[in-house]
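All of the numbers you see were taken from the coordinates with simple rules; none came from a lab. In this text the structure is predicted, and so the values were computed from the model without any measurement. All Cβ positions, even for glycine, are placed from backbone atoms using ideal geometry, and neighbour counts span all protein chains on display.
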Amino acid sequence: MMNSKRPILLVEDNPSDAELTKRALAKGHISNELVIAEDGQEALDYLRGEGAYAGRAISETPSVILLDLKLPKVSGLEVLRAVRADARLRRIPVVILTSSKEEEDVGAGYDLGVNSYVRKPVDFKEFQTAIANLGLYWLILNEPNPPVR
Amino acid sequence: MVLLGSALLLILILGSLPERSFNRARDAEQLVTHTLRVLNASGSLLAIMEGAETGERGYLLTGEERYLQPYQSALSSYRQASQNLRQLTVNDSAQQARMDKLDRLVETKLAGLSRGIALYRSKERDAALALVFMGEGKLAMDEIRGLSHDMEQEEKRLLIIRTQAAVEAQDTQLKWILRIGGALLIIMIAVAGVITERVIGDHERVAVALRTSEERFRALADAIPQLCWTANADGWIFWYNQRWYDFTGATPEEMEGWGWQSVHDPATLPTVLEGWNKAIAAGEPFEMVFPLRAADGAFHPFLTRVMPVRDSTGKVGRWFGTNTDITEQRQIEEALAQNQERLRMAQQVARIGTFVWNLQTGVSQLTPELEAMYGLPPGGFAAGRRTWQDLICPEDRDQGVRYVQEVMETGSFEAEWRVVWPDGTTRWLFGRAWVSKDDTGKPLRLMGANTDVTERKLAELEVSRLNAELEQRVRQRTLELEASNRELEAFAYSVSHDLRAPLRGIDGWSLALLEDYSDSLDGSGRQYLNRVRAETQRMGTLIDDLLQLSRVSRGEMKLDQVDITGLANLIVDRLRDAQPERSIEFTIEPGLVAFGDARLLEIALTNLLGNAVKFTGTQNPALIEFGKIEKEGEMAFYVRDNGAGFDMAYAGNLFGAFQRLHKVTEFPGTGIGLATVQRIVRRHGGRVWADARVNRGATFCFTLGAA
């Protein structure tokens, strides 16, 4: 299970949410490294090995990207678009994890090729369950994509 | 000549005879003379009768008394002529018998004639004319002619017999002489007879021709629409056509000669008389317009023309005059003048200027109104030798020239253009023009009308300016509205995303506290943290509901046929799944269809059915019904339950946002659901209302305007 050791990229600008997500993952016994990008640009830099992440081996793709939509600088949907447009990145599973359940956002996410769309519930217990399920599904049940060569 | 020669020869022979012979010859001569006298008397008798008949016929046809004159004289002269003939034939009983018969026939004939005249006088004109045309009179006349002829033949026969007898008694020499003489006499008489007959025949033919021509003339004269008359050389009018009498209502006796003056207007009569007398004196044609009085007393204007009729020597023999009633013509002239005046006034009042441009001569006729429109005084066009193009505003000039070129081809045009007055004022004119062409298509005249439309044009320009401004304002407002809509969207998005994030944090960290530091907290502390979590989640629901309320007010509606029964069943399934422990009996009317936005209807029905589920929480079993009923003449959908119901006294607050009729501890809720339902129903053009009683359930009805 090579895949299960690859990091999870969490794109989330709210530190409280980031911490809670980390906590939820931990509660769900998901031990993969959690990389947190606080805006869309940082997420893209990490994925492309640019900027602050210059030199990072980009073949080391995250096992899954947990993507918030409302982000500073580059929005979540823009990040998704860029990932799907990039031949090196397009096979990474992307799960939108957001507060919005606006139909337009959901539709736009799927149009851009998101793998899953999860709305963060206010009730943390529900949120914790959702995160645990996500980890279980994307990191364990789902057959990982072969890396792009 | 032969006749004269024979007569001389006879006289010579007779003169050379001895006395006895002479006596005999004288007897023979007397016989001949007698015979001639009889023939003559018979002829004149016939002529009298024919005159009487012709006169009577003329009278019956024309009604003119003067035709009766030959008839009147016939009555007296016939007696004398008859007496004469009777005496001449006194010794001849056969001729006397014929005379008796002739007298009777004549009497019958005359009686017939007087009967016709009497009928005519008693206004039985048709009956009188019928007598003429029935031919009764002609038959009698033919008999008279036949009898007269018989008498003449008899006399001629007698003459021969008598001469023969005289000859018989003479010696041979004398016999021969007498024979020759007798023969000559017979020839003479025969020739005389022939001549007499020919003369009489010619006379008759001329009379007939004259009569025919006269009748034709009268028919013609009566048929023409004019009054007409004929006068002698001295101006004595002896005949008028029937129209004269019809028009004036006067009688021939009143009108004869100079009697016509009585139907003249005394004011104009002296001038008429002066002119007429002058014309008579000079023998020149006369023409004048003067009034004549009609039978009803009204004067009509007449155009009178009189022509002299000259004989072969050039002398005026008669005058022929016509009077033409020009009342109508006068009326037409007056009406025309009035119309022209009215047209002029109308153009003045309506400020219409017109022109006619004769393309052949280049001469234009313009009204002063037209010139005023171009800022010119009356006659200004001609005086300034200005052309139309010169006066048009330079910007419109080329177009104006094109209009004129176009109109020559197309025949008409309609356009607006600006003119610049000499004082610099710019005015807007509207013009129509059209070309009249001859049969070959060659343009003859360009005619047209202009009106000053400056005020209208300025108003139009103002209107279009205002419209443009309005459109600009609408665009502006639309942009503003769109911007504010976007803002609202962004706001809703923020509410959805940013307000929920801290709630999640509060909940999450409260839970973390409970999980990780449960031992440090006592029961109350844990209780408080649970309260914090419950309120946080309530806040989350409130935000979701508010978002929904805002969402149903925004966005376009997609109207379509909606299977509302199917929709209700779908929602019911969801509700059952959400609370599987509840025992609820749903009754959904099958086959219901609504016309509306499916997404919005789903939200409304979810709220209504969800409420029903919620408020029947204490009922077992809970009964919830969805269907369609007729309410106050319109079809309404309804959701009925057997739940808690409510007091209708508070029904007014039912559909306001955040309005609740129940305590949260009894039934949870945010008070936004029914506000959302009402907004959806109203967006469909319908209405929603409720009927309920405390603990007896509630019924919510709604209509969809277009459904």
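Volume per residue of the convex hull around the Cα atoms, evaluated for the stretch B:398-468, comes out as 114 Å³. Calculation over all alpha carbon pairs of the stretch B:252-389 in 10 angstrom steps from 0 returns a P(r) of 10, 25, 18, 13, 18, 13, 4, 0 percent.
Backbone phi angles across the stretch B:632-649, fed through the Karplus curve with coefficients 6.51, -1.76 and 1.60 (θ = phi - 60°), yield HN-Hα couplings of 6, x, 10, 7, 10, 8, 9, 10, 10, 9, 10, x, 5, x, 6, 7, 4, 4 Hz in residue order; Gly and Pro are listed as x. Placing +1 on each Lys and Arg Cβ and -1 on each Asp and Glu Cβ, with no other charges, gives chain A a dipole about its Cα centre of roughly 600 debye. Put simply, the amide H of B:LEU292, placed in the peptide plane, has neighbours under 5 Å in B:HIS300, B:PHE302, leaving out anything fewer than 5 places away on its chain. Dividing the alpha-carbon radius of gyration of the stretch B:424-571 by the rule-of-thumb value 2.2 N^0.38 Å gives 2.49. Applying the Karplus relation 6.51 cos²θ - 1.76 cosθ + 1.60 with θ = phi - 60° to the stretch B:654-663 yields 3J(HN,Hα) values of 4, 9, x, 5, 6, 8, 10, 9, 10, 6 Hz, where x marks Gly and Pro.
Looking at the stretch A:22-99, the pairs of alpha carbons with a distance over 21 Å make up 25% of the total.
Expressed as a whole percent, how much of the Cα-Cα distance distribution for the stretch B:368-439 exceeds 17 Å? Present the calculation step by step, with values, prior to reporting the outcome.
On the way: 1197 of 2556 pairs.
Percent of Cα pairs beyond 17 Å in the stretch B:368-439: 47.
Taking only the C-alpha atoms of the protein assembly as shown, Rg followed by Dmax gives 68.2, 216 Å. Here, chain B has an Rg and a Dmax of 64.4, 216 Å when only alpha carbons are counted. Every Cα-Cα pair of the stretch A:2-141 was included, and the share exceeding 22 Å stands at 31 percent.
A cut-off of 5 Å between modelled amide H atoms, ignoring neighbours fewer than 5 places along the same chain, links A:ASP68 with A:VAL11, A:LEU97. Computed from backbone phi, the HN-Hα couplings of the stretch B:529-545 come to 4, 4, 4, 4, 5, 4, 5, 4, 5, 4, 4, x, 4, 4, 4, 4, 5 Hz, rounded to whole numbers (Karplus: 6.51 cos²θ - 1.76 cosθ + 1.60, θ = phi - 60°; Gly and Pro given as x).
Using modelled backbone amide H atoms (1.01 Å from N, in-plane), which distant-in-sequence or interchain residues come within less than 5 Å of B:LYS437's amide H? Correct list: B:LEU444.
Relative protection proxy for B:399-407, B:592-600, B:265-273, A:22-30, from highest mean packing down: B:592-600, A:22-30, B:399-407, B:265-273 (other beta-carbon atoms within 10 angstrom). The packing ranking, built from the mean of other Cβ atoms within 10 Å per residue, places the peptides B:459-467, B:540-548, B:505-513 in the order B:505-513, B:540-548, B:459-467, highest first.
Quick one: of B:LYS558/B:LYS614; A:LYS27/A:LYS120; B:LYS278/B:LYS315, which pairs are farther than 18 Å apart, Cα to Cα? Kindly include the intermediate steps, with their values, before the conclusion.
On the way: B:LYS558/B:LYS614 30 Å; A:LYS27/A:LYS120 16 Å; B:LYS278/B:LYS315 16 Å.
Going by Cα-Cα distance, B:LYS558/B:LYS614 fall outside the 18 Å limit.
Relative contact order, whole percent, for the stretch B:321-419 stands at 14, derived from Cα pairs under 8 Å and 6 or more residues apart. Principal axis extents of the Cα atoms in the stretch A:1-66, from largest to smallest and rounded to whole angstrom, are 33, 31, 13. Solvent-free Debye calculation, one equal scatterer per alpha-carbon of the stretch B:556-702: log10 I(q)/I(0) at 0.17 Å⁻¹ equals -0.97.
Mean separation of Cα pairs under 8 Å and 6 or more residues apart, divided by the residue count, gives chain B a relative contact order of 6 percent. Take the alpha carbon gyration tensor of the stretch B:289-362, find the square roots of its eigenvalues, order them as a ≥ b ≥ c, and report rounded if a/c is under 1.5; if not, report prolate when a/b exceeds b/c, else oblate. Verdict is oblate for the stretch B:289-362. Where in the stretch B:686-707 does the label zone of B:PHE595 land, with the point 7 angstrom along Cα→C-beta and an amide N cut-off under 18 Å? Counting only backbone N, you get B:686-687, B:702-707.
Please compute, for peptide A:113-122, the average count of beta-carbon atoms on other protein chains lying within 10 Å of each residue's beta-carbon.
On the way: counts 0, 0, 0, 0, 0, 0, 2, 5, 6, 19.
Averaged over the peptide's residues, the number is 3.
Residue by residue along B:543-550, Cβ atoms of other protein chains within 10 Å of the local Cβ number 1 on average.
Taking only Cα atoms of the stretch B:332-452, what ratio of Rg to Rh do you get with Rh as the Kirkwood inverse-distance radius? Provide the component values of the computation, followed by the final result.
Details: Rg = 14.9 Å, Rh = 15.2 Å.
Taking Rg over the Kirkwood Rh, I get 0.98.
If you bin all the Cα-Cα distances of the stretch B:535-574 at 5 Å, starting from zero, the percentages per bin are 6, 18, 12, 15, 26, 14, 7, 3, 0. Per residue, the average separation of C-alpha pairs within less than 8 Å and at least 6 apart gives the stretch B:556-702 a relative contact order of 22 percent.
Give me log10 I(q)/I(0) at q = 0.33 Å⁻¹ for the stretch B:350-389, Debye formula, one equal scatterer per alpha-carbon, no solvent. Per q value, in the given order, log10 I(q)/I(0) is -1.23.
Hey, if you drop one equal point scatterer on each alpha-carbon of the stretch B:224-325 and run the Debye formula without solvent, what base-10 log of I(q)/I(0) do you get at q = 0.12, 0.18, 0.21 Å⁻¹? The Cα Debye sum returns log10 ratios of -0.36, -0.81, -1.11.
In peptide A:10-21, how many Cβ atoms from other protein chains are near each Cβ within 10 Å, on average? If you can, show how the numbers build up before the last one.
On the way: counts 0, 0, 1, 1, 6, 1, 7, 5, 0, 4, 8, 1.
Across the residues of A:10-21, the mean count of other-chain Cβ atoms within 10 Å is 3.
All C-alpha to C-alpha distances of the stretch A:69-149, sorted into 5 Å bins beginning at zero, yield P(r) values of 3, 14, 22, 22, 22, 13, 4, 1, 0 percent in whole numbers.
For the protein assembly as shown, adding -39500 (n - 2.57) for each run of n ≥ 4 DSSP H residues and dividing by the number of residues yields -18500 deg cm²/dmol at 222 nm.
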